[in-house]
Amino acid sequence: MTGEEIREEVLDILETIAPDEDLSDLDDSKSFREQLELDSMDFLDIVMELRKRHRIQIPEDDYLNLASMDSTVTYLKPILKDVEKAK
Amino acid sequence: MSPFYDTIIIGAGMSGLAAGIRLAYYDQRVCILERHTTIGGLNSFYRLRGRDYDVGLHALTNFTPKGTKKGPLTRILRQLKISWDELRISPQLGSEIVFPGVRLRFDNDVDLLRAEVASKFPDQAANFDRLIAAIVEYDDLDESHLEISARARIAEYITEPLLVEMLFCPLMFYGSAREHDMDWGQFSIMFRSIFLEGLGRPHAGVRLILKQLVRKFRGLSGELKLRAGVKEIVVEGGHATGVILDNGEHLAARRVLSSAGWHETMRLCNDGQPVTPRSTGRLTFCETIATLDEQPRDLGHRSTITFFNDSDTFHWAVPNEPCDVRSGVICSPNNFAYDAGSKNISGTMRITALANFDYWQSLDEETYQLEKLRWYDRITESAVRFVPDYRSRVIDTDMFTPTTIVRFTGHDRGAIYGAPDKQLDGRTHLANLFVCGTDQGFVGIIGSILSGISMANQHCLRD
């Protein structure tokens, strides 16, 4: 997946987790927590959704890489580089 | 070969079903085992002589309107992927706490309660605001606060003993497993969930919530077995390897999550592990239910929940009498702000009073039936001192006692709110056996659903 594809995928996951949130003006450099009222349970869901969709394991120590869209994409790029984007 | 599951969950109550949804959503093979013929446990429902009854639920606490971004209700809906509209919870009309000579009304806007305190206890108004501020600031993730006496903390703010008693009364009735006092943490959580958030109810009652949970769980390929009591948790080499059902069937699992209660779960383990000494819950209730031939509001009763106490001191302890009729909770499911056009629910008055388990347990069948009738009358007689006398309008009645609760939930001594000491981390002596539900954490419908979710998240998802 390219960076842009990963971004779309993460947006899709955020939409599943917090269906009532408006994601259209998400600032990629700012933390999700600040913008979306996500709590630790929601972060676990991001990790679990990635695992469910792409069979990747994210160790607990790495969760802090998922703070914002930018850091998430940077973190996931090498992990997902050989994975095809699902339709 | 016996069936193999990732997680076996004991009990199809709110916590077990919520945990099941979380695990099944993330593709685990999950089986929920329920001994009873129906789901729900401590919050359930039944039909008798053509009428629907709720057990447990008077109202959901933590009510926040659709679109609210924070709070336990929002968190639960998100975690279970249930939309607000699927539960369609309607807010209360307004409730009250009634002590001799003083009536404090409250609804889902805390300003009403603040105004009531200011008018009935003028010199406590500023103190009450300070108390609210302290509760808003209370961090429920900081477990060090949990064991502080709430009575000691409240005394730092409120200096009028009657007001203190009036505040404790509803919070204890709706969630204190401890006699006489509460932990400051539990007090703060209950205060928020009742006074700062609020009370609500789906028009169809608790069955709607339970049916949505089951539908969700089954839609994710979760298995739910009714009439499937667990006789034993099989322990081999320090691990739970599965369970044996009452009918002898063996089910294997990588882990077991039990909502049966702490002692109840320990007794199921077949490794002879001595049960960790801790006190059992002792607080239990009788409840009378009257169906009326008209709506309570036509009798002049508009209160959603009325908490009453007939003296200046509120007693929260196991009574010496079969029931303690000095205080109680009167609930009318009719008195919620349902959508316009909703069908009228039959006029209903439910009264809950503290009860003595040992007494009810000791009776033979004939005496039990007679005592039920006698105490139905005494509880009602006590309650109509505080609400309009509805006794001439009653067309059907029912009643449960502590032994009814034991029969249908399997919880020791009918302890509605479980043991006073909670197993907050949900862990047991076995690395892959965990507890959820009333003995793990918080109580009530929202509390038990949160318990199931958080134990599933912490112990059953991350491997």
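Things to note:
- Base-10 log of normalised Debye intensity for segment B:282-379 (one unit scatterer per alpha-carbon) at q = 0.10, 0.19 Å⁻¹: -0.34, -0.95
- nm² value of the averaged projected area, convex hull over the Cα atoms of the protein assembly as shown: 27.6
- Lys/Arg +1, Asp/Glu -1 at C-beta; segment B:261-342 dipole; positive extreme among B:Ala337, B:Met266, B:Leu292: B:Met266
- Using alpha carbons only: equivalent-ellipsoid semi-axes of chain B, gyration tensor based, whole Å: 35, 25, 22
- Note on segment B:358-404: semi-axes of the ellipsoid equivalent to its C-alpha gyration tensor, largest first and rounded to whole Å, are 24, 11, 8.
- Under a model in which nothing but the beta-carbon of Lys, Arg (+1) and Asp, Glu (-1) is charged, segment B:313-463 shows a dipole of about 420 debye around its Cα centre.
- Accessible area expressed per residue, segment A:3-79, with surrounding protein chains retained (probe 1.4 Å, Å²): 51
- Solvent-accessible area, 1.4 Å probe, carbon plus sulfur percent, for chain B: 50
- Greater than 19 Å apart at Cα, pairs in A:Lys52/B:Lys81; B:Lys69/B:Lys343; B:Lys81/B:Lys216; B:Lys81/B:Lys225: B:Lys69/B:Lys343; B:Lys81/B:Lys225
- Residues in segment B:329-338 carry Karplus couplings, in order, of 10, 10, 10, 10, x, 6, 8, 10, 7, 5 Hz; the curve used is 6.51 cos²θ - 1.76 cosθ + 1.60 with θ = phi - 60°, and Gly or Pro positions show x.
- With 0.36 nm allotted per residue and the present C-alpha distance subtracted, the B:Thr397-B:Glu294 stretch has 35.6 nm of extension available.
- At 1.002 mPa s and 20 °C, Stokes diffusion of segment B:1-125 via Kirkwood alpha-carbon radius, µm² per second: 117
- Length added when fully stretched, B:Glu137-B:Lys70, from 0.36 nm per residue minus Cα-Cα: 22.6 nm
- Cα-centre dipole for segment B:14-119 with unit charges at Cβ (Lys and Arg positive, Asp and Glu negative), debye to 20: 300
- Taken over segment B:269-332, the alpha-carbon convex hull comes to 180 cubic angstrom per residue.
- Tail weight of P(r) past 20 Å, computed on alpha-carbon pairs of segment A:3-79, percent: 19
- Solvent-accessible area lost in complex, 40 Å² minimum, residues of segment B:78-117 relative to chain alone, 1.4 Å: B:Arg78, B:Gln79, B:Lys81
- Using a simple spin-label model with pseudo-atoms 7 Å out from Cα toward Cβ, B:Thr367 and B:Thr313 lie 3.0 nm apart.
- Selection from B:Ala240, B:Thr313, B:His301, by position along the positive dipole direction of segment B:189-341 (Cβ): B:Ala240
- Using all pairs of distinct alpha-carbon atoms, the Kirkwood hydrodynamic radius of segment B:58-181 works out to 16.5 angstrom.
- Between B:Trp84 and B:Tyr46, the distance separating the two model label sites (each 7 Å from Cα on the Cα→Cβ line) works out to 3.6 nm.
- Dividing the convex hull volume of the alpha carbon atoms of segment B:71-142 by its residue count gives 124 Å³ per residue.
- Computed from label points 7 Å out along Cα-Cβ, the spacing between B:Ala152 and A:Asp82 is 6.0 nm.
- Expressed per residue, the C-alpha convex hull volume of segment B:191-293 stands at 225 Å³.
- Computed over segment B:134-238, the P(r) curve from all C-alpha pair distances, binned at 5 Å from the origin, holds 2, 9, 14, 15, 12, 9, 13, 13, 7, 4, 2, 0 percent per bin.
- Net dipole in debye of the protein assembly as shown [+1 Lys, Arg Cβ; -1 Asp, Glu Cβ; about Cα centre; nearest 20]: 1480
- Proximal lysines to B:Lys422, defined as alpha-carbon separation beneath 27 angstrom and excluding residues fewer than eight positions away on the same chain: B:Lys70, B:Lys231
- Members of segment B:39-71 that become less accessible by 40 Å² or more once partner protein chains are added (1.4 angstrom probe, chain alone as reference): B:Lys69
- Length gained when the stretch A:Thr74-A:Lys30 is fully extended (0.36 nm per residue, less Cα-Cα span): 14.4 nm
- Interface of B with A. Using a 1.4 Å probe and counting protein heavy atoms only, the two chains hide about 1700 Å² of accessible surface, both sides summed.
- Computed helical MRE - 222 nm, chain B, DSSP H runs ≥ 4 contributing -39500 (n - 2.57), nearest 500: -9000 deg cm²/dmol
- Straight-distance candidates among the aspartates and glutamates for linking to B:Lys372, with alpha-carbon spacing under 17 Å and chain neighbours fewer than 8 residues away dropped: B:Glu287, B:Glu321, B:Asp324, B:Asp358, B:Asp364, B:Glu381, B:Asp396, B:Asp398.
The values are calculated or read from the model by the stated rules, or taken from the named source; none is laboratory data. Fair warning: this is a prediction, and the values are worked out from it, not measured in the lab. Methodologically, a virtual Cβ is constructed for each residue, glycine included, from the backbone with ideal geometry; neighbour enumeration extends over all protein chains shown. Side chains included, ligands, DNA and RNA excluded: accessible areas come from the protein's heavy atoms. Shrake-Rupley method; radii C 1.70, N 1.55, O 1.52, S 1.80 Å.
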